[in-house]
Structure formats: C-alpha cells, structure tokens
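Heads up, the thing below is written out as structure tokens.
The values are calculated or read from the model by the stated rules, or taken from the named source; none is laboratory data. Note that the coordinates shown come from a computational prediction; the quantities given were computed from them, not determined experimentally. Quick reminder, even Gly has a Cβ in these numbers, built from the backbone with ideal geometry, and neighbours come from all protein chains shown. To get the accessible areas, we keep the full protein, side chains included, count just its heavy atoms, and leave off ligands, DNA and RNA. Shrake-Rupley method; radii C 1.70, N 1.55, O 1.52, S 1.80 Å.
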Amino acid sequence: MAVRAVFFDLYETLITEFANGKRFSKRSYDYMYRLGLSEAEFKQEWSTRFERRMNGHFPDYHSVIRDILDSRSLPYPQEHVEFLYQSRVSDKKIPFHTISKEICRMLELLREQGLRLGLISNCSEEEVVSFGQSGLAPYFDDVIFSYQVGVAKPNAEIYRLACDRLSVTPQDSLFIGDGGSDELSGAGSAGLRPYQAYWYNTFIESEYEKIHQPLHVLDLIESSIEMESTNNETAGH
C-alpha cells in the first residue's frame, strides 16, 4: 500500500540534546538549596512521575514539583520553583536552535512528494515551549504532544489519533523514531509501519529496520512507490 503520511518522533529523531555523547546543557541545580531535596532524591521523585508527566496527569512543571514537595511534607517555595522551571525551559530550547540542515531537507522533500507529515511526541509542556517558533514547525500538518491529549506512546490510541487527525489510515502511514518509550512496537501494534531513526541515538536495539541517515527516508518512499506500481501492473494482467 502506498505511503500517504509519515509520522515522526521529536527528541533524538528530529532534534538532539547531545553532541559527542554529552548533553548540550551543562546546568546543574542545587535542589537541596532550592527545594530541600538532594539531587538523588529529586531525580528519584522526578522519574517515578514520568508516565504521569507524559500523559498529562500533571499539566505542567509546577504541578509536578508541588506533588513531589507535598509527598515529602516540604513547603512550596514559589520563587525557587519558578527559577527551576525557567531554567528547564532554557535547557529545552537549545536543541531547537541547532536543527540539522539534513533533517530540514528531508522534511522539505517529503512535503514535495505530497505526503502528509505528523509529529507524535511524548513530552511535558516545558519541553516543547520552543517548538512553535522553531524551524521544524512549518513542515508539519499536525502535531501531537502527549501531555495535551492525555495519552502517550506506546499506547496505540495516540497513533490512531494522529492518523485520524490527518485523515489517513495506519496502513498508509510510516512511523519513524529512535525507539525510546517502546514507541516502535506501539506504532506497529497500531498498524503503522515502524522504522528506527538511527542517526542520533544508536544505543537502542530493536527488531525494526534502521534508517542511518535522514535523507534515506526518501528511499523508503521511493521503494513504496515502485512496489505500488508493480502491484498495480500485476493486478492489471
């Protein structure tokens, strides 16, 4: 079946937070001073709320911090929480300033082919504040941020929602992501054809076909067109 739409993951697929194996942001936060928690305690509390941060149970950063502090019977220092929030927003802006030209060229060529483009990102509000003003935004027909829709990858519902919003079927669609959050198997379960973006994150092993360069996505589309043409010719005989 011909491809009508391509859906992408965001972090470590279209943008990256790393260079030479190191995170761009080198900020460190004194959580003990700001919140009364050691860094290890904070990271544990933060990670245990991952799923609820992604699915919108916590609508924003401030509500996550309030929940953490309440669970520890600690006061809510508004000024310090706001400092941490703004610092995190600044950190998350960095990858949007360094979008690869090859990524943009890939998206441009896919649009020239007449394909619909969608984004499906597991994220919280502060992680994507900069998306709308970034060079990526104009390429996409629709964008789904998990915290806004109340469901996250790998739940099949988020992929089906994405297809519905672009008026395509899962069978007509590809999903391309680095493989975090078990997103590739989720896409496959929902009926899309999953491929692993293997140009930024090369540390996740999966059974899915790897794409080593962004522009190689165009080869997949070309192969799909050729296969469709061959099938049509065969059916006509």
So if I place +1 on the C-beta of Lys and Arg and -1 on the C-beta of Asp and Glu, and nothing else carries charge, what would the dipole magnitude of the chain be about its Cα centre? I want it in debye, nearest 20.
600 debye
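Please report, in whole Å³, the volume per residue of the convex hull around the C-alpha atoms of segment 4-130.
It comes to 117 Å³ per residue, whole-number rounded.
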Of K22/K153; K26/K210; K26/K93; K26/K92; K22/K92, which ones are farther than 19 Å apart at the Cα?
K22/K153; K26/K210
Run the 1.4 Å probe and let me know the accessible area of Y208, rounded to the nearest 10 Å².
50 Å²
With charges only on Cβ, +1 for K and R and -1 for D and E, what is the dipole size of segment 1-42 about its Cα centre, in debye, rounded to 20?
180 debye
Beyond 21 Å, the calculated P(r) of segment 8-70 holds a percent of Cα-Cα pairs equal to 41 percent
Which whole number of Å³ per residue matches the convex hull of the alpha-carbon atoms in the chain?
124 Å³
Once both label points are put 7 Å beyond Cα along the C-beta direction, the E209-I225 separation in nm becomes 1.6 nm
On C-alpha positions alone, give me the angle between the axis of helix 78-93 and the longest principal axis of the chain, in degrees, nearest 10.
30 degrees
Mind checking the dipole of segment 115-174: about its Cα centre, +1 per Lys or Arg Cβ, -1 per Asp or Glu Cβ, Debye to the nearest 20?
160 debye
Helix 156-166 versus the longest principal axis of the chain: what is the Cα-based angle in degrees, 0 to 90, to the nearest 10?
60 degrees
From largest accessible area down, sort F175, F50; use a 1.4 Å probe on the protein chains.
F50, F175
Of every hundred units of 1.4 Å-probe accessible area on segment 50-94, the number belonging to carbon and sulfur atoms, as a percent, is 48 percent
Could you give the angle, 0 to 90 degrees to the nearest 10, between helix 39-48's Cα long axis and the longest principal axis of the Cα atoms of the chain?
50 degrees
Placed amide H near E17: partners under 5 Å, 5+ positions off or other chain
E12
Averaging over every viewing direction, what projected area does the convex hull of the Cα atoms of segment 111-159 cover, in nm²?
3.8 nm²
Could you tell me the distance between the Cα centroids of segment 164-184 and segment 3-18, to the nearest Å?
10 Å
